[in-house]
1. Given the convex hull over the Cα atoms of the chain, what projected area results after averaging over all orientations, in nm²?
2. If we count other beta carbons within 10 Å of each Cβ, what is the order of 7, 27, fewest first?
3. Restricting to DSSP H runs of at least four residues, report the calculated mean residue ellipticity at 222 nm for the chain, -39500 (n - 2.57) per run over all residues, nearest 500 deg cm²/dmol.
4. How do the peptides 31-38, 48-55 rank, highest first, by the average count of neighbouring beta carbon atoms within 10 Å per residue?
5. May I ask you to compute the full-extension gain from residue 69 to residue 12, defined as 0.36 nm times their residue separation minus their alpha-carbon distance, rounded to one decimal in nm?
6. Please tell me the relative contact order of region 3-103 in percent, rounded to the nearest whole number, where contacts are Cα pairs under 8 Å and at least six residues apart.
7. Suppose the chain between residue 4 and residue 96 were pulled fully straight at 0.36 nm per residue; how much longer would it get relative to their current alpha carbon spacing?
8. State the antiparallel share, in %, of DSSP beta bridges confined to the chain, rounding to the nearest 5.
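Here, each number is a calculation from the coordinates, and none is a lab measurement. All of these numbers come straight from a predicted model, not from anything done at the bench. When we count neighbours, we look across all protein chains shown, and the Cβ atoms used for this are built from the backbone with ideal geometry, even at glycine.
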């Protein structure tokens with residue numbers, strides 16, 4: 001492994017650790033508040049890279065109050081770790097798209 005590969009690997013690992021810690025806090029807080037959130041995308045598939053973002057799927061019905069609460073919870077944690085994220089609400093998806101997002105989760 002050359003120096004550049006080593007730096008990239010360390011950056012990826014640090015970013016992965018920050019993302020994983022933030023997601024663990026989000027999932028814990030969400031569960032306490034009665035929200036179900038599923039990790040999707042590269043973090044769920046084990047393919048998280050140095051420039052990856054975090055993708056989260058909010059399960060179940062979501063009215064305006066629930067959406068705002070979840071958005072605030074996720075934004076606070078992700079802003080603190082300085083990693084971009086995508087927040088997707090199950091209500092906004094077709095059944096086909098939902099199946100597609102959940103297909104590769106391990």
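1. With every direction weighted equally, the projected area is 7.1 nm².
2. Sorted ascending by nearby Cβ count, the order is 7, 27.
3. -19500 deg cm²/dmol
4. 48-55, 31-38
5. Taking 0.36 nm per residue and subtracting the Cα distance, the gain is 17.5 nm.
6. Averaging sequence separation for qualifying contacts and normalising by length gives 30 percent for region 3-103.
7. Gain on stretching residue 4 to residue 96: 29.0 nm.
8. 50 percent
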